[in-house]
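> A single structure is presented below for examination.
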Amino acid sequence: MSKDTLTITDNRTGKEYEIPVWEGTIRAMDLRQIKAGEDDFGLMSYDPAFTNTASTKSAITLVDGDKGILRYRGYPIEQLAENCTYLEVAYLILYGELPNKAQAEQWVYDITHHTIIHENIKNFMQHFRYDAHPMGMFIATVAALSTFYPEANQIADENVRTIQIQRLIAKVPTIAAFSYRHSQGLPFAYPDNDLSYPGNFLNMMFRMTELKYEPDPVLERALDVLFILHADHEQNCSTNAMRGIGSSQVDPYSAMSGAAAALYGPLHGGANEAVLRMLNQIGDAKNIPAFVEKVKKGEGRLMGFGHRVYKNYDPRARIIKQVAEDVFKVTGRNPMLDVAMELERIALEDDYFIERKLYPNVDFYSGIIYQAMRLPTSFFPVMFAIPRTVGWLAQWQEMLGDSEQKIARPRQVYLGEGERQFVPMNKRK
Ligand code: CMC
């Protein structure tokens, strides 16, 4: 008769242990009872980079990497991208259900009425160097918000949490757009509450002297879809940072600034920037075979390819290809798309990439769209951070409500020196 347990024989002692199996996992703490002797601390699992360790239970996002499936709260990403606005999806991710009409109206109202940032925050942003990286400005400014909302550290109070969540979702497009305007030497454009979430973002980015900015509806919708695709992705590097930092019970602004810092790296949200740099370096489709050979020799990576979880086509990349076609009808075709598509074709036929199950991920095509929208390459990671804000916050709230979560504190396998005696400086070699 089958049992939901695992039997372990410790060959060091000959002892046998029976450990419960739950949802395809064993609890690492159940290993602690396995000891080689009286003084033994007990068995631990060693898993650098968490490649086979579930750090939490979660009911928010499902990624099935083998099948190429992504669902938020059970809804397939394709259906949400087709039918919803980003703010509807943000509500779903936070609260678990799609909003009804009244809930949606209240939610949009609440977010729209928190878009302005304090003038001192604006002044703070004006003191960055003229060529500061927008993601550096974004990270620092999100952290600085905690000094404006000191009550935010009352994380056990649901009402206080709710207001910080609304503020963050509302203010990240403003901070992002201001970082762009600063790097361009342009005056800041204030939010326009008559516009949608993506429409207002376009307004704050691109408004010049016109009295009323009217976003192009195709670009507005394309941006909304891109935001939906980036809203959450379960326990990725930045979300893990959000949970890890948040587990110390710090305020959400400080925790989210750490999450955004994790996103900045080229192996995570910085990959969209790296893809464009790579495509520019390749320059022309005729240079692709030589570039691919270099990657196969280990001289660099094919940026925008591969994923820790997806071992199949990233469903977000498929939707993004369609968004790209829509955007190019307005902006004109980005010539880099041809290089990217040829690179994808060659890579997907190559044994190196087939054997390693390396497919295009969300970052492979997103940068090409942002470039067509006239965004500078350095701004691409910020475009990822805006929509991911809701994912970070939902995961943070879920962690706070999980009675099993404590301050995150991994173990280590110490391989350093044993105890040694102090040597005065004049006797050191
Ligand atoms: N180009 C060439 N080879 C690769 C790539 C790539 N992009 N990605 C993985 N490999 C190879 C890697 O060299 C290794 O080969 P071998 O077994 O011969 O040593 C094998 O594939 C497995 O790679 P890994 O580094 O063990 O895989 P990982 O799960 O640790 O890394 C990844 C995942 C996303 C960091 C990695 O695929 C990568 O560096 N990709 C490029 C950066 C990128 O596009 N990042 C965006 C990820 S999606 C959006 C997001 O979550 O931010």
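> For segment 1-46, what does the alpha-carbon gyration tensor say about shape, rounded, prolate or oblate, given a ≥ b ≥ c as the root eigenvalues, a/c under 1.5 as rounded, and a/b over b/c as prolate?
Working: a/c = 3.08, a/b = 1.57, b/c = 1.96.
Since a/c reaches 1.5 but b/c is at least a/b, the shape of segment 1-46 is classed as oblate.
> Over the chain, what is the relative contact order in percent, taking alpha-carbon pairs closer than 8 angstrom and at least six residues apart? Write out the running numbers ahead of the final one.
Values: 568 pairs, mean separation 81.1, N = 429.
19 percent.
> Under the definition of Cα pairs under 8 Å and six or more residues apart, what whole-number percent is the relative contact order of segment 149-301?
Working: 102 pairs, mean separation 25.4, N = 153.
Computed over segment 149-301, the figure is 17 percent.
> Packing-wise, with mean Cβ within 10 Å as the measure, how do 376-388, 162-174, 316-328 rank, highest first?
On the way: 376-388: 23.8, 162-174: 21.6, 316-328: 19.8.
Taking the mean over residues of other Cβ atoms within 10 Å, the ranking is 376-388, 162-174, 316-328.
> Same structure again: Highest mean first, how do 413-422, 197-206 rank when packing is the count of other Cβ atoms within 10 Å averaged over residues? Write out the running numbers ahead of the final one.
Working: 413-422: 5.4, 197-206: 23.1.
Highest to lowest by the protection proxy: 197-206, 413-422.
> Here is a further query. Excluding same-chain residues fewer than 8 positions from LYS294, which aspartates and glutamates have a Cα within less than 14 Å of its Cα?
List returned: ASP350.
> Right, here's the next one. Report, in listed order, any pair from LYS171/LYS212; LYS57/LYS296; LYS35/LYS57; LYS3/LYS35; LYS329/LYS357; LYS122/LYS212 with a Cα-Cα distance greater than 26 Å. Spell out each step's value before the answer.
On the way: LYS171/LYS212 21 Å; LYS57/LYS296 37 Å; LYS35/LYS57 28 Å; LYS3/LYS35 24 Å; LYS329/LYS357 32 Å; LYS122/LYS212 22 Å.
Beyond 26 Å: LYS57/LYS296; LYS35/LYS57; LYS329/LYS357.
> How far apart, in nm, are two points set 7 Å out from the Cα along the Cα-to-Cβ line at ILE19 and at PHE41?
So the label points at ILE19 and PHE41 sit 1.6 nm apart.
> Now for a different question. What is the sum of charges, Lys and Arg at +1 and Asp and Glu at -1, for the other residues whose Cβ falls under 13 Å from the Cβ of GLN322?
Details: positive: ARG221, ARG316, ARG318, LYS321, LYS329; negative: GLU78, GLU82, GLU325, ASP326.
Spelling it out: positives minus negatives among the neighbours equals +1.
> Once you have the Kirkwood Rh of the chain from its Cα pairs, apply Stokes-Einstein at 4 °C and 1.567 mPa s and quote D in µm²/s. Display every interim value, and only then the final one.
Numbers: Rh = 23.8 Å.
Answer, rounded: 55 µm²/s.
> Around LEU202, under 12 Å between beta carbons, what's the net of Lys plus Arg minus Asp minus Glu among the other residues? Don't jump to the answer; show the numbers that get you there.
On the way: positive: ARG207, ARG221, ARG374; negative: ASP192, GLU214, ASP216, GLU220, ASP224.
It works out to a net charge of -2.
> Would you compute, for the Cα atoms of segment 1-104, the largest minus smallest coordinate along each principal axis and list the three values in descending order, in whole Å?
Projected onto the principal axes, the Cα atoms of segment 1-104 cover 63, 33, 24 Å.
> Now for a different question. Efficiency by 1/(1 + (r/R0)^6): what FRET value for GLU210 and GLN322, r their Cβ-Cβ distance, R0 = 30 Å, to the nearest 0.05? If you can, show how the numbers build up before the last one.
Values: r = 30 Å, r/R0 = 1.01.
Computed FRET efficiency for GLU210 and GLN322: 0.50.
> Could you tell me the center-to-center distance, by alpha carbons, between segment 278-342 and segment 80-98 in angstrom?
If we compute the Cα centre of each part, the gap is 28 Å.
> Using a basic spin-label model with each label point 7 Å from the Cα along Cα→Cβ, how many nm lie between SER2 and GLU82?
Output for this residue pair reads 3.4 nm.
> Running Debye on segment 151-267 with equal point scatterers at the Cα sites and no solvent, what base-10 log of I(q)/I(0) appears at q = 0.23, 0.24 Å⁻¹?
Each listed q corresponds, in turn, to -1.29, -1.32.
Rule-based calculations on the coordinates, nothing more; no lab input. This structure is a prediction, so every number in the text was calculated from the model and none was measured. Heads up, the Cβs are rebuilt from the backbone with ideal geometry, glycines too, and the neighbour counts pull from every protein chain shown.
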